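Heads up, the thing below is written out as structure tokens.
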Amino acid sequence: MVQINKEYHCCGDKKLITIKDVEHVAQLARLELTEEEKVKFASQLSSVIEYMNQLNEVDTTGVEPMAHPYPLGNVMREDIVEHEISKQDLLANAPEEEDGYFKVPKINEE
């Protein structure tokens, strides 16, 4: 069985994600984790945070924030009516019609 320190899981010499953090998230997600999985996930999550910390050190002065790497405009076409269908043509396919409306069976009983 793996012996783990419940307080911290170290990634290098940095204490980023604790085993308790992993247990807490697992409890919120209703997951049962083995001790080995807790150690593995603490290590993986610590690595992710360590990488994000490296990215935070990059000088981004003058870099415009963006949501997508390519400039995109509205990719939708204009909503243009090409041909209209008359009410009579629409109702011609209805099984039943009454006073210019589709007649459908009643679905609730009073």
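Things to note:
- Pick from the stretch 63-73, criterion within 21 Å of the chain's Cα centre (by Cα) and of a type in the set (A, V, I, L, M), ranking: surrounded by the fewest Cβ atoms within 10 Å (Cβ to Cβ): 67
- Some residue of the stretch 81-97 being surrounded by 10 or more Cβ atoms within 10 Å (Cβ to Cβ), more than 30 Å from residue 18 (Cα to Cα) and either acidic (Asp, Glu) or in contact with a His (Cβ under 7 Å, 6 or more places away or on another chain) (or both): yes
- Conditions (1) surrounded by 11 or more Cβ atoms within 10 Å (Cβ to Cβ); (2) of a type in the set (Val, Ile, Thr); (3) in a loop (DSSP other than H, G, I, E, B); number of the one not met by residue 22: (3)
- Within the stretch 33-62, the set of residues being within 26 Å of the chain's Cα centre (by Cα) and farther than 14 Å from residue 21 by Cα comprises 47, 48, 50, 51, 52, 53, 54, 55, 56.
- Residues that are assigned to a loop (DSSP other than H, G, I, E, B), modelled with pLDDT of 95 or more and either on the phi < 0 side of the Ramachandran plot or acidic (Asp, Glu) (or both), drawn from the stretch 25-58: 29, 31, 32, 33, 34
The values are calculated or read from the model by the stated rules, or taken from the named source; none is laboratory data. Here the structure is a predicted model, which is why all the values come from computation and not from measurement. All Cβ positions, glycine included, derive from the backbone under ideal geometry; neighbour counts span all protein chains shown.
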